[in-house]
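K.L.:
What follows is a single structure, and I will ask about it in a moment.
The values are calculated or read from the model by the stated rules, or taken from the named source; none is laboratory data. Given the structure is predicted, the values throughout are model-derived calculations rather than measurements. When we count neighbours, we look across all protein chains shown, and the Cβ atoms used for this are built from the backbone with ideal geometry, even at glycine. For the accessible areas, the whole protein counts, side chains as well, though only heavy atoms, and no ligand, DNA or RNA atoms are used. Shrake-Rupley method; radii C 1.70, N 1.55, O 1.52, S 1.80 Å.
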Amino acid sequence: MLVHFPVVLFIITTVVNLIIVIRKDDLAERKCLPLISLASILAGVAIAIIAAAFGDIALDAAVDKGFDKAPLEEHEGLAIPTILIFSIIALVQAYSMWRGRSLAGTKAVMMFVATLVGLGFLIATAYHGGQLVYEIGVNVTPVKP
């Protein structure tokens with residue numbers, strides 16, 4: 001159930017960052033939109049890490065029940081870079097805001113592009129997670145012989 005929160009929070013971050021870029025504002029300013037962006041990405045990263053920890057437990061349980069490990073590891077292989085990308089973006093934005101360093105103009109566009117890359121990984125991760133549950137039935141249905 002936790003996995004849905006980072007998905008929504010990272011989408012919120014992406015949309016807010018797009019608005020900031022379109023308005024030619026600074027991602028590191030202590031204003032409403034940059035603070036919403038930072039809060040949503042920090043919360044998303046924190047919950048994604050917790051979800052990954054529970055996902056690792058669920059992976060072990062699924063393998064013990066007889067589910068094929070390959071699709072589970074493929075999902076994990078997408079989730080880890082997703083968390084790393086958004087973690088780096090969050091750290092850069094938080095550090096810049098803390099130290100008063102601008103993230104406007106080209107820097108804001110680069111941050112937005114990085115967010116789009118993270119969103120691409122997020123979509124792929126979510127798609128594979130959906131396949132695990134709805135097509136394979138991992139930890140939802142008994143193992144099919």
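K.L.:
Enumerate the pairs (first residue in segment 20-33 and closer than 14 Å to residue 110 by Cβ; second residue anywhere and surrounded by fewer than 16 Cβ atoms within 10 Å (Cβ to Cβ) and not aliphatic (A, V, I, L, M)) with beta-carbon separation below 7 Å, excluding pairs fewer than 6 apart on the same chain, so at least 6 apart or on different chains.
P.N.:
Once the first residue is closer than 14 Å to residue 110 by Cβ and sits in segment 20-33, its partners that are surrounded by fewer than 16 Cβ atoms within 10 Å (Cβ to Cβ) and not aliphatic (A, V, I, L, M) give 26/102; 28/101; 28/102.
K.L.:
Sticking with this one: Could you tell me whether any residue of segment 72-83 is over 22 Å from the mean Cα position of the chain (by Cα) and of a type outside the set (Ser, Thr, Tyr)?
P.N.:
no
K.L.:
Considering only segment 102-145, state which residues are outside any loop (DSSP other than H, G, I, E, B), without any contact (Cβ under 8 Å) to a residue 40 or more places away in the chain and more than 15 Å from residue 14 (Cβ to Cβ).
P.N.:
106, 127, 130, 133, 134, 135
K.L.:
Considering each residue of segment 90-145, count those that are open to solvent by less than 50 Å² (accessible area, probe 1.4 Å), under 16 Å from residue 30 (Cα atoms) and of a type outside the set (A, V, I, L, M, F, W, C), and give that number.
P.N.:
So the answer is 2.
K.L.:
Here's a follow-up. Restricting to segment 57-75, name every residue that is within 18 Å of residue 130 (Cα to Cα), in contact (Cβ under 8 Å) with a residue 12 or more places away in the chain and open to solvent by less than 70 Å² (accessible area, probe 1.4 Å).
P.N.:
Result: 58, 59, 61, 62, 67, 71, 72, 75.
K.L.:
Mind checking whether some residue in segment 119-128 is modelled with pLDDT of 95 or more, closer than 17 Å to residue 40 by Cα and not basic (Lys, Arg)?
P.N.:
yes
K.L.:
If a residue must be surrounded by fewer than 21 Cβ atoms within 10 Å (Cβ to Cβ) and of a type outside the set (A, V, I, L, M), how many such residues does segment 15-56 contain?
P.N.:
Total satisfying the criteria: 11.
K.L.:
Scan segment 26-56 residue by residue and report those that are of a type in the set (D, E, K, R) and assigned to a helix (DSSP H, G or I).
P.N.:
56
K.L.:
In this structure, is residue 5 aromatic (Phe, Trp, Tyr), open to solvent by 60 Å² or more (accessible area, probe 1.4 Å) and part of a helix (DSSP H, G or I)?
P.N.:
Taking the combined requirement at face value, the residue satisfies it.
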